[in-house]
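Reviewing the structure listed below.
Read-outs throughout are calculated quantities, based only on the coordinates presented, and are distinct from any laboratory measurement. Not measured: the values here are computed from a predicted model. All Cβ positions, even for glycine, are placed from backbone atoms using ideal geometry, and neighbour counts span all protein chains on display.
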Amino acid sequence: MQYVHCPVMANEVLSFLNPGEKEALMVDCTLGEGGHTSLFLARYPRLKIIGLDRDSRIMEKARTRMAPYGDRFEAKNIWFDQFWKNYEGPGVDFILFDLGISVFHYEESGRGFSFKREEKLDMRLNTEADLDACDVVNDYDETSLANLIYNYGEERYSRRIAAAICKARQTKRIEYTNELADIIWDAVPNEYRHRRIHPATKTFQALRIEVNGELDRIEPALEGALRALKPGGRIAVITFHSLEDRPVKWFFKNRENVLEILTKKPVEPTQEECEMNPPSRSAKLRVVEKLENERDPAKKRNKYRD
Ligand SMILES: C[S@@+](CC[C@H](N)C(=O)[O-])C[C@H]1O[C@@H](n2cnc3c(N)ncnc32)[C@H](O)[C@@H]1O
């Protein structure tokens, strides 16, 4: 089997979440093809991992990859926020989130995540969900479309793009990635077409976030994960854009009474990694450790006053 996704900041994550020779339980909340998980299982001989992914196809790839590790690995096809909401298992030592989607989704899934391929607009991780990207593009009203492209894509030409989409769909439903990419290309000013990223990049990101409810899942998942974490246990989160990173950063900052932030500044990939694995370029890694005892909030205030 071929694996197309290269795990981001693997060495850094392996050192922050390090059980050594001890028995430990880890949850990889974003299993993907299992790039991180396979490295952890190979490096730490008494570590057990539960891997979560809402996409059953990529999860099956990971399951095959992890077969040599027998019962040290278990895969669950579930949204990570739902997993933590209902979690009643044993305390967890390490938790990893590597947010967003995998290279597999752009290159192999056939679900229209990339404007570089001619595919049906779908973008669902859960292929049984009712809403797909085609529904969003064709059925949302112009204001809702513009708002979502602005809010989830941080796209400055959101209004023009939404207007162009609504005009084009009066003639026929927009069903394919290349149709949508062409509409966006024509909607933006000429100078915007020749920048580092394609003018459709941000709109495609926004659609994917909307279809999978990506941002709404982060905080509830962190809340549940922190509850399940053992004192002394660690959570690592890798984000790829500011819309993901901001809620993670504030979630941790607002809970400094129960956790220690181990990465005062987020860790970023080395230049060498960025060159070898360009999708890692925008990654940020934040790691926290759950305190043995809750901090006295008065002490925390003093710390900042000094
Ligand atoms: C960036 S990839 C993970 C790559 C993986 N760490 C590796 O090295 O192979 C993120 C994965 O998480 C899954 N995913 C994203 N959001 C999710 C969520 N809220 N719940 C469950 N799975 C999710 C995606 O389907 C994707 O396979």
Angle between the Cα long axis of helix 56-65 and the longest principal axis of the chain, 0 to 90 degrees, nearest 10? 50
Could you work out the helix-only [θ] at 222 nm for the chain, with each DSSP H run of four or more residues adding -39,500 (n - 2.57) and the total divided by the number of residues, to the nearest 500 deg cm²/dmol? -12000 deg cm²/dmol
According to the Kirkwood expression over distinct Cα-Cα pairs, how big is the hydrodynamic radius of the stretch 45-138, in Å? 15.2
Dimensions (Å) - the stretch 114-212, Cα atoms, principal axes, largest first: 40, 27, 25
Loop GluC sites (Glu not before Pro), the stretch 1-66 (other Cβ atoms within 10 Å of the site Cβ: 13 or fewer; DSSP): GLU21, GLU23
Tell me the angle of helix 218-228 to the major Cα principal axis of the chain, expressed in degrees between 0 and 90 and rounded to the nearest ten. 20
To the nearest 10 degrees, the tilt of helix 201-212 (Cα long axis) against the first principal axis of the alpha carbons of the chain is 60
Most to least packed among 157-170, 90-103 [average Cβ atoms within 10 Å]: 90-103, 157-170
Looking only at lysines whose Cα falls under 20 Å of LYS264's and that sit 8 or more positions away or on another chain, we get LYS249, LYS253, LYS284, LYS290, LYS299, LYS300, LYS303
In whole µm²/s, the translational diffusion coefficient that Stokes-Einstein assigns to the chain, given a Kirkwood hydrodynamic radius over C-alpha pairs, 25 °C and 0.890 mPa s, equals 119
Beta carbons within 10 angstrom, averaged per residue: use that to sort the peptides 274-287, 142-155, highest first. 142-155, 274-287
Highest-first arrangement of 188-194, 171-177, 246-252, where packing means the average Cβ count within 10 Å: 246-252, 171-177, 188-194
Using only alpha carbon pairs under 8 Å that are at least six residues apart, calculate the relative contact order of the stretch 114-212 and give it in whole percent. 41
